[in-house]
Amino acid sequence: MNTLIALIVGAATFYLGYSFYAKRIDEKIIKSDPKKATPAKMYMDGVDFSPASRNILYGYQFKSIAAAGPIVGAITAAGLWGWLPALLWLILGVTFVGWVQDYSAMMMAARRDGDSISAIAYKLVSPRSRTILLIFLFLYLLLIAGAFGNLLAGVLTNPTIPLGITMLALAGLLGGQMLYRWKMDIAVVTIVTVGLTLLVIALGPVAAVQGAVKGFNGWLDALNANQPIVSLFDPTAAAYAGGFVNIKVSYVFWLTFVAVFSYLGAALPVWRYAQPVNYVGFWIMALTILGGALGAAIAFFVKPELANFALPAFKVWDAGVKGTLQPLWPMLFVTIACGAISGWHALVSTVGTARQLENETDALPVGAGSMFSEMLLGVLALMAVSVAGKGVGAAAFATGVGNFLSIFGLDPKYGSALALAAFVIIVITVMQLVIRFMRVALTEALGDAMPIMRNLHVGTITSLVCMFLVVLTGTFVYLWQLFGGANQLMASLALMLVTLWLVSERRNALYAALPMLFMYVTTIAANLVTAWNLWAGVVQPGLGKANYEVVVFGGLLMIAIALLLVLLALFIGWDAWQSYSRMKSQQRAGVEAPA
Amino acid sequence: MVGGERGLTQTMSRVKDFIYGLLFYDFTLYALRTRASIESLFLLVTLGDLIGLPIMPPYYSLRILPYVVPNIAAWKRRMLREKDLLETDVMGMMSG
């Protein structure tokens, strides 16, 4: 296998899935009509409800759904089971499940006055399903903060990275000042901030800089006599053979750095920090991904040895080690969350894009087109980690992209440093927004009962404490899979709503119902497996040991979250079944379908 | 030849729109939201009685009315629409 074939497979999936399946569903079942007034036209308020061209919305939707998710999921899954299962799920998942959810949720919202997914759940299923969906959302945010916090703290201990990320924060502050206070041209702001950040990232691999950061990390670890604070068993350590990961003082320091970065994003005005950091970060990511994709495409012709996959196609059916379980089914389907299907997309599609559609017919290229494009990003990440062959997760991804960039004459050492920095930037820019979102969610949920939660700083610090608690108590793979579980359950709930909507309109709902059933059963099973893994891998080994109280507490907390997710999914599934039966009996009795 | 040029112009315009959507559209939305919130506040103070919140004496409201007539319908929709937790200021910037 090589990069060219993988790219052809990805592009062929896009073409065939979009042209022969998505278009058919749009024409035969949804029957999108360019003459029908969209919410953007009916309820135009100049802000949220405002028509925009399909090309703008395609870019906007793609940006909103494609970032760290498709990259992290693909590289983690490839490491656990090999590249073939990951590639198969990416292409089959997006063709039969992913675009179905994004596009159908968008059309459902467009046909229901631009209602958000929680409002639709309230009306179509039951009042409590709205509350359940919001609890899902909060747990989703908490778990993504935990998974990304864990990932970032680990990668930031790499001495090539911290300088570039510090520069990103400063470039964000500078960008906000230049753009909004000094009213400078966006082109100048872009050149200065992105250029400065790239320059400092390039300094990362310089020996003197590396030596200084290493020395600093060493000094931090010496504060605890170079001893770990705790050691956690990580099934992905030692090239997926399993091993112990030491949490040292330097790890906690870089986690605190991530928290400060996110605190600024959550507490400062959006224009001052969050938005410009996001903007600068996006450029770095886009340049790296674009360069990497071009390099992957031409590597086959220029340097074939760089284009060949070194990772095994298939490793094992069950990648679990030492009493933990990682069976291909159901774990692959939550490990690769975005890229194949993601519940997050349904939120974006309903409260964001659906309210800005100029014509109903735009939903197909915007919703389905963006999802197929995101799959290509997942395939690119998979290619990078597959050609690298060795290393785990982010490091393997960076080595692969560094190889692709070396096609253009860039030293692989600098290419890898740029790729690793771009990876960290993608993750940390999402992280700061997640903490801001958590703060808002906490204020909404607890503000009335606990007025102190309305305070901006209290809300932010509470969110960060939750993140710390989760990060310090789990290994990345469990956090990621639990996040994937919450995300994929949201996806199956979105598909459930689409199914009910189609039934209520007496349309053929099979194309949404079958993926919904598959995702619903698979994700519930995956959450139960993760709960077992947390018990066997985190809680049980730590019971009764000194210094492991926080680890055990956090492990139990995450088990509780896993079981809560399952319980809530069963509740909402039951409510949806009741709603379905009601609709069917009304239809049999000849009651008209709701408009 | 003319058809080819038109095709190229059209493709360039699509790419331009895509990049605008990818990079700058959330800036536009943020600016629009900021302007809308200031405008909403102004209209609430001056014409609050239109949605059941009389704050200013009607005399001043009537003096301002001709200038704000074009904005009233959109303002009422913005103010009276049920809002969701998902509609936070960062929703447009978040990525999956």
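The values are calculated or read from the model by the stated rules, or taken from the named source; none is laboratory data. Bear in mind that the values here come from a model prediction, so they are computed numbers and not experimental data. Here the Cβ positions follow ideal geometry from the backbone for every residue, glycine too, while neighbour counts run over all protein chains shown.
Observations, loosely collected:
- Flag if A:Ala445 is within 14 Å of another protein chain (Cβ to nearest Cβ) and at pLDDT below 90: yes
- Residue in the stretch B:56-75 that is farthest from A:Ile435 (Cα to Cα), counting only those that are within 14 Å of chain A (Cβ to nearest Cβ) and in contact with a helix residue (DSSP H, G or I) (Cβ under 9 Å, 6 or more places away or on another chain): B:Val68
- For A:Thr324, the conditions (1) buried (at least 18 other Cβ atoms within 10 Å of the Cβ); (2) away from chain B (no Cβ under 14 Å); (3) not in a loop (DSSP other than H, G, I, E, B) are fulfilled apart from (3).
- The stretch B:24-50, residues that are away from chain A (no Cβ under 14 Å) and among the aromatic types (Phe, Trp, Tyr): B:Phe42
- Here B:Leu53 passes the criteria (1) assigned to a helix (DSSP H, G or I); (2) more than 9 Å from every other protein chain (Cβ to nearest Cβ); (3) over 21 Å from A:Tyr58 (Cβ atoms); (4) aliphatic (A, V, I, L, M) except the one numbered (1).
- Take the conditions (1) of a type in the set (A, V, I, L, M, F, W, C); (2) more than 25 Å from A:Cys338 (Cα to Cα); (3) touching a Phe, Trp or Tyr at 6+ places or on another chain (Cβ under 8 Å); A:Val552 misses just one of them, which is (3).
- If you go through the stretch B:76-90 and keep only what is assigned to a helix (DSSP H, G or I) and more than 8 Å from every other protein chain (Cβ to nearest Cβ), you end up with B:Lys76, B:Met79, B:Leu80.
Per-residue answers, yes or no, for (1) charged (D, E, K, R); (2) closer than 30 Å to A:Gln177 by Cα; (3) buried (at least 21 other Cβ atoms within 10 Å of the Cβ):
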| site | (1), (2), (3) |
| --- | --- |
| A:Val200 | no, yes, no |
| A:Pro228 | no, no, no |
| A:Thr236 | no, no, yes |
| A:Thr256 | no, yes, no |
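- From A:Ala398, A:Ala381, A:Ala419, A:Ala346, residue being small (Gly, Ala, Ser) and free of Cβ contacts under 8 Å to residues at least 60 places away in the same chain: A:Ala398
- Among the candidates A:Ser579, A:Ser585, residue that is surrounded by 15 or more Cβ atoms within 10 Å (Cβ to Cβ), of a type in the set (Ser, Thr, Tyr), more than 25 Å from the chain's Cα centre (by Cα) and at pLDDT 90 or above: A:Ser579
- Odd one out for A:Ala422 among (1) surrounded by fewer than 24 Cβ atoms within 10 Å (Cβ to Cβ); (2) closer than 19 Å to A:Gly195 by Cβ: (1)
- Residue match in the stretch A:5-13 (condition: touching a Ser or Thr at 6+ places or on another chain (Cβ under 7 Å), in contact (Cβ under 8 Å) with a residue 12 or more places away in the chain, part of a helix (DSSP H, G or I) and buried (at least 21 other Cβ atoms within 10 Å of the Cβ)): no
- Hey, A:Leu134 in a helix (DSSP H, G or I), modelled with pLDDT under 90 and either out of contact with any Gly (no Cβ under 7 Å at 6 or more places or on another chain) or closer than 14 Å to A:Val434 by Cα (or both) or not: yes
- Within the stretch A:255-274, restricting attention to residues that are in contact (Cβ under 8 Å) with a residue 40 or more places away in the chain, in a helix (DSSP H, G or I) and of a type in the set (Ser, Thr, Tyr), the residue that is farthest from the other protein chains (Cβ to nearest Cβ) is A:Tyr263.
- Test: A:Val430 is within 14 Å of chain B (Cβ to nearest Cβ), free of Cβ contacts under 8 Å to residues at least 24 places away in the same chain and of a type outside the set (Ser, Thr, Tyr): no
- In the stretch A:275-295, the residue that is nearest to the other protein chains (Cβ to nearest Cβ) out of those that are within 18 Å of the chain's Cα centre (by Cα) and of a type in the set (Gly, Ala, Ser) is A:Ala286.
- Some residue of the stretch A:249-258 being within 30 Å of A:Phe408 (Cα to Cα), at pLDDT 90 or above and not small (Gly, Ala, Ser): no
- Tally, over the stretch A:23-48, of residues that are surrounded by 23 or more Cβ atoms within 10 Å (Cβ to Cβ) and either within 7 Å of chain B (Cβ to nearest Cβ) or under 27 Å from the mean Cα position of the chain (by Cα) (or both): 1
- Tally, over the stretch A:107-125, of residues that are more than 14 Å from every other protein chain (Cβ to nearest Cβ) and either assigned to a helix (DSSP H, G or I) or modelled with pLDDT under 90 (or both): 5
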